[in-house]
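Undergrad: Take this structure first; my questions come after.
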Amino acid sequence: MTNKKYFPLTKEELKELVNNLDIYLGDIDTSRMFDMSSLFQNSLRKKFDGIETWNTSNVLNMERMFESSFINKPLNFDTSNVKNMEYMFADCYLFNQPINFNTSKVKNMKNMFSNCYFFNQNLNWDTSNVKNMSYMFENCHSFNQPLNWDTSNVENMSYMFRGCHSFNQPLDWDTTNLTDTYSMFSGCRSFNQPLNWDTTNVEDMSYMFEYCHSFNQPLNWDTSNVENMSLMFYYCHSFNQPLNWDTSNVEDMSKMFEYCYSFNQPLDWDTSNVEDMSDMFENCHSFNQPLNWDTSNVENMAGMFKNCHSFNQPLDWDTSNVKDMNFMFCECSAFNQPLDWDTTNVENMEYMFWNCKELEYEMNFKMPYNKTKNMFHGCILLSNEEEDNETKHSKEWFNDQKEIDEIPLLKFKIIENDDDDEN
């Protein structure tokens with residue numbers, strides 16, 4: 001520390017000063033500064049003594065101010081005029097200090113604390129003007145503080161708490177203007193709080209509760225504008241709540257309930273616009289509900305019920321546009337339903353009924369043989385009194401290493417498409 005004082009007039013001059021590790025920060029007069037964005041970004045400085053004396057009353061922008069720095073001091077800045085705090089403490093891995101900020105004018109808090117692994121401080125802030133909170137606490141593994149905030153203007157909360165393993169606080173928020181909740185709670189292993197939210201304007205809920213192992217709360221939401229629900233409850237082991245939702249605009253439900261071991265609720269949904277249902281119920285071991293759905297636009301059903309050990313429901317579906325059914329009922333050990341489906345456009349049925357040990361119903365599918373590898377492997381009840389010329393293909397379907405004359409005759413036919421050449 002010296003008696004010399006510094007009076008920078010521009011951000012460039014200020015940055016040159018703070019990059020000089022021999023200069024004591026308390027000797028810098030910052031009263032003329034309007035922009036402190038990226039000031040300490042990737043800085044090698046480890047001593048921030050004196051920064052608490054800075055005059056920041058005129059600063060408008062603190063975007064990336066401390067990003068990837070070694071800052072770990074209490075900060076009592078005058079932030080009454082700051083509008084942008086985006087990435088302010090991003091990647092400050094060690095940072096965990098009280099922050100007494102006036103945030104009444106801040107509009108952007110995107111990634112503000114992302115990857116602050118140890119951060120866990122109270123934030124009694126005015127957030128009434130904030131529009132973007134996406135990624136705000138991403139990977140804040142320790143964070144678990146009450147957030148009694150005004151979120152009435154927030155539009156984007158995507159990734160907001162992603163990877164917040166400890167977070168489990170009530171969020172009684174106004175979400176009237178919220179449009180994006182993509183991956184919002186992904187990896188929040190402890191989170192299990194009621195969410196009585198207005199989701200009228202939300203369009204994307206994909207990955208929202210991914211890996212929320214504890215989450216099991218009612219969700220009485222308006223989902224009429226949602227287009228994407230893929231992976232929404234992926235690995236939600238505990239989740240088992242009714243979902244009386246308007247899904248008329250949803251296009252993607254792929255992996256929506258994958259690994260929801262407990263889930264077994266009726267789904268009386270409008271699925272007329274859904275195009276992708278691949279892996280939707282994969283590993284839903286308890287699921288066994290009627291699905292009277294309009295599937296006329298679905299193109300992908302691959303793995304849809306894979307490992308659904310309890311599932312055994314009639315499926316009177318329009319499958320005329322489906323292209324992929326591989327692994328669809330793989331390991332559905334209880335499944336035994338007739339499927340009078342139009343499979344004209346299906347390109348892949350490999351492993352479709354793998355180990356469906358109860359399956360004994362006739363399936364008349366229009367499908368080339370070279371797309372049905374191992375289709376009925378382990379379907380031990382399939383048999384018929386009538387022999388036909390399809391028997392020669394049974395070894396491919398079963399893949400059980402038996403001689404052809406040892407394999408039971410089949411109670412189903414794979415009918416060659418006229419335009420397909422047999423390989």
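The values are calculated or read from the model by the stated rules, or taken from the named source; none is laboratory data. Everything numeric in this text was worked out from a predicted model, so none of it was measured. With ideal geometry, Cβ positions are generated from the backbone for all residues, glycine too; neighbour counts draw on all protein chains shown.
Undergrad: For the range 248-269, what are the residues that are polar (S, T, N, Q) and surrounded by fewer than 21 Cβ atoms within 10 Å (Cβ to Cβ)?
TA: Taking the range 248-269 as the starting set, the residues that turn out to be polar (S, T, N, Q) are 248-249, 254, 262, 264-265.
Within the range 248-269, SER248, ASN249, SER262, ASN264, GLN265 meet the criteria.
Undergrad: From the list GLY50, GLY26, exactly one residue is over 42 Å from the mean Cα position of the chain (by Cα) and on the phi > 0 side of the Ramachandran plot. Which is it?
TA: Values: GLY26 fails: on the phi > 0 side of the Ramachandran plot.
Criteria check complete, one pass: GLY50.
Undergrad: Going residue by residue through the range 224-233, is there one that turns out to be within 28 Å of ASN336 (Cβ to Cβ) and under 19 Å from the mean Cα position of the chain (by Cα)? Full working, then the answer.
TA: Within the range 224-233, the first condition is being within 28 Å of ASN336 (Cβ to Cβ), and the residues that meet it are 233.
Then drop every residue that is not under 19 Å from the mean Cα position of the chain (by Cα), which leaves 233.
Yes, the range 224-233 contains at least one residue that is within 28 Å of ASN336 (Cβ to Cβ) and under 19 Å from the mean Cα position of the chain (by Cα).
Undergrad: Would you be able to say whether some residue in the range 234-250 is in contact (Cβ under 8 Å) with a residue 12 or more places away in the chain, in a loop (DSSP other than H, G, I, E, B) and of a type in the set (Asp, Glu)? Break it down stepwise before answering.
TA: Here is the first cut: in the range 234-250, the ones in contact (Cβ under 8 Å) with a residue 12 or more places away in the chain are 234-250.
Now drop any that are not in a loop (DSSP other than H, G, I, E, B), which leaves 234-250.
Then drop every residue that is not of a type in the set (Asp, Glu), which leaves 246.
The answer is yes; a qualifying residue exists.
Undergrad: On to the next question. Given the criteria at pLDDT 95 or above, closer than 26 Å to VAL154 by Cβ and part of a loop (DSSP other than H, G, I, E, B), does PHE95 qualify? Write out each step before concluding.
TA: Numbers: at pLDDT 95 or above: yes; closer than 26 Å to VAL154 by Cβ: yes; part of a loop (DSSP other than H, G, I, E, B): yes.
Judged against the criteria, PHE95 is a match.
Undergrad: Do we have any residue at all in the range 135-152 that's touching a strand residue (DSSP E or B) at 6+ places or on another chain (Cβ under 8 Å), farther than 17 Å from PHE101 by Cβ and modelled with pLDDT of 95 or more? Outline the logic, then answer.
TA: Of the residues in the range 135-152, the ones touching a strand residue (DSSP E or B) at 6+ places or on another chain (Cβ under 8 Å) are none.
Scanning the range 135-152, I find no residue that is touching a strand residue (DSSP E or B) at 6+ places or on another chain (Cβ under 8 Å), farther than 17 Å from PHE101 by Cβ and modelled with pLDDT of 95 or more, so the answer is no.
Undergrad: Right, here's the next one. Return yes when TYR207 is at pLDDT 95 or above, buried (at least 21 other Cβ atoms within 10 Å of the Cβ) and within 13 Å of PHE257 (Cα to Cα) and no when it is not. Quick ask: steps written out before the conclusion?
TA: Details: at pLDDT 95 or above: yes; buried (at least 21 other Cβ atoms within 10 Å of the Cβ): yes; within 13 Å of PHE257 (Cα to Cα): yes.
Criteria met by TYR207.
Undergrad: For residues in the range 313-333 being surrounded by fewer than 16 Cβ atoms within 10 Å (Cβ to Cβ) and in contact with an Asp or Glu (Cβ under 9 Å, 6 or more places away or on another chain), which is nearest to HIS377 (Cα to Cα)?
TA: My answer is LYS323.
Undergrad: Among the residues of the range 11-22, are any surrounded by 16 or more Cβ atoms within 10 Å (Cβ to Cβ) and closer than 21 Å to ASP126 by Cα?
TA: Looking for residues that are surrounded by 16 or more Cβ atoms within 10 Å (Cβ to Cβ) and closer than 21 Å to ASP126 by Cα, one finds none in the range 11-22, hence no.
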